[in-house]
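Asker: What follows is a structure written as structure tokens; I'll ask about it next.
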Amino acid sequence: MDNDLRVSKPRLPKAYTDEQLVFLRSHISGFETRTRGHVRGDAKKFALERANDFLARFGLPEELQGIEDAEPRFREQIYNWYKNTVGRARRKLEGRTRPKKTASHDHASLNTRALHPASATPSIGENGLTWGPTVTTPPTVQYTAQNETTAQNAEASSQIPAAQSAGQMQFSFQSNVPVASSSTIALNVTPAALRDAFLTHGIDTATLSSLIQSYVLSHPSPTPLDTVISSLFEAISSLLSAPSSSRTVSFTDLISNIVRRFLDACSYFPSSLLHAGVSGPLAGPRALQMALRKSSVWSPLSSSSGHASLADEMERIAADRQRRKDHIQWAQIHAAALELGMLSFRPNTPEIGYAVPSSQTFSEMMARDAVWEADEVEWVAGIIVFRALIRTGSANRKVEYEQLLATYERRWKEIKDEARQALVTEVLLGAREDLAHLGETRVP
């Protein structure tokens, strides 16, 4: 056993940090695509390049430092990780399982029992695994043994006892490598992981885009980016709910930074990514536009009946308060998207049979109508979007904007909630200043 090269060969770390797992999994779709291509060795080249990126970002694992040729071996094992992960996902998607042990193995096992009847009772090893009659401890199974070539499998199988089943081998493999099982190639790319990716500055926009594409690949639908937009909203919510002492920038800048990350990630979208009939980089703005349209309509909760308990009434009030906060947050996202130019495009979809208005038109309608609605939360949302319109508008509409701003200023006096009134005060002052400079130069 001491002379077994498989034992002395460095292995992948037994545990990854969350950031390392996000990095590795974010490139699974790129590797899988290249395995289906016609360029020989393209997938391996891609995996080795990602291994270099891994080493540059996280460094060599401590357990491999000081070992001869550690980096080349580690790069090779990163390649094997991608190969095994994609292969396992394909088998699950196609309903296939690992091959059962051959008849020759069964025959050898029977001969062993016949030659050694006294030791025919299997022993129970560590973790409750059943091992063969002539083996007292589990053999070390190399990580790369699952998807190696036929010759390598044959060599490895000669050192594995015949009584050990394929299922036990897979258990041993999964217990050594911390990869959660999944029926899709995009392992563990969940809405929560997407939310965290929006917040993690160590994850660049290219990696964020790969995560989004992996999720879309494994959750096909006519509007696959809906969940991504929800994750973006949750990321912003978590930032806004953080203690004010931990923030170094304004609410507006926080929201703008997250929305900009999404916009930059959209630039990497391939033409095969479709959302509501719009493909490529414009699919992201289209998804956000649809979410903003739905969120711009305010519908208050119905009042409780006279027979509702105190607990039910408190729950209803809490839910209504949260919906009002969400409505205002959507308006803040709306304003950030306007200023970043995400909503000024017209999708090229002639097949629908009518001209699609730009989202700038939709935003103006929302801002003009909101000030006349009955609920003050709509006034707050309206003035937030209206300020973004002023900041992106043209000087020839200055008089028109001044009239609408005066209407919002009159509404400000009617706002009863102190927190919302304070927010509107800040927005109104900023809008008045932006409007004063509208004829001079565009506000950045």
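Asker: The range 211-343: percent of C-alpha pairs farther apart than 22 Å?
Answerer: Numbers: 4056 of 8778 pairs.
Above the 22 Å cut-off, the range 211-343 has 46 percent of its Cα pairs.
Asker: How much FRET efficiency would the formula 1/(1 + (r/R0)^6) give for ARG57 and THR361, where r is the Cβ-Cβ distance and R0 is 30 Å, rounded to 0.05? Let's see the in-between values first.
Answerer: On the way: r = 44 Å, r/R0 = 1.46.
About 0.10, to the nearest 0.05.
Asker: Same structure, new question: Which order, highest average first, do 312-318, 190-196, 408-414 follow once you tally other Cβ atoms within 10 Å for each residue and take the mean per peptide? Mind showing how you got there, number by number?
Answerer: Numbers: 312-318: 12.3, 190-196: 17.3, 408-414: 13.9.
Ranking the peptides 312-318, 190-196, 408-414 by packing returns 190-196, 408-414, 312-318.
Asker: Sticking with this one: Normalised by the residues of the range 379-444, what does the relative contact order come to in percent, with Cα pairs under 8 Å and at least six apart? Intermediate values should be presented prior to the final figure.
Answerer: Values: 49 pairs, mean separation 36.6, N = 66.
Result for the range 379-444 is 55 percent.
Asker: In addition: Would you tally the net charge around SER214, using a Cβ to Cβ cut-off of less than 11 Å, leaving SER214 out, and scoring K and R as +1, D and E as -1? Don't jump to the answer; show the numbers that get you there.
Answerer: Values: positive: ARG25; negative: GLU32.
My count for the surroundings of SER214 gives 0.
Asker: Can you give the extra length, in nm with one decimal, that the chain gains between ARG432 and SER302 once fully stretched, where that is 0.36 nm per residue apart less the Cα-Cα distance?
Answerer: On the way: separation 130, 0.36 × 130 = 46.80 nm, distance 3.62 nm.
Difference between extended and current length: 43.2 nm.
Asker: While we're here: Extending each Cα 7 Å along its Cβ direction at ALA70 and ASP369, get the distance between those two points in nm, one decimal.
Answerer: Placing both labels 7 Å beyond Cα along the Cβ direction yields 6.3 nm.
Asker: Just add up the charged neighbours of ALA51: K/R +1, D/E -1, any other residue whose Cβ is under 9 Å from the Cβ of ALA51. All intermediate terms of the calculation are to be shown ahead of the outcome.
Answerer: Numbers: positive: ARG50, ARG75; negative: GLU49, ASP53, GLU71, GLU76.
Value of the local net charge: -2.
No lab work stands behind these numbers, since they all come straight from the coordinates. Bear in mind that the values here come from a model prediction, so they are computed numbers and not experimental data. No Cβ is skipped: glycine too gets one built from the backbone with ideal geometry, and neighbour counts run over all protein chains shown.
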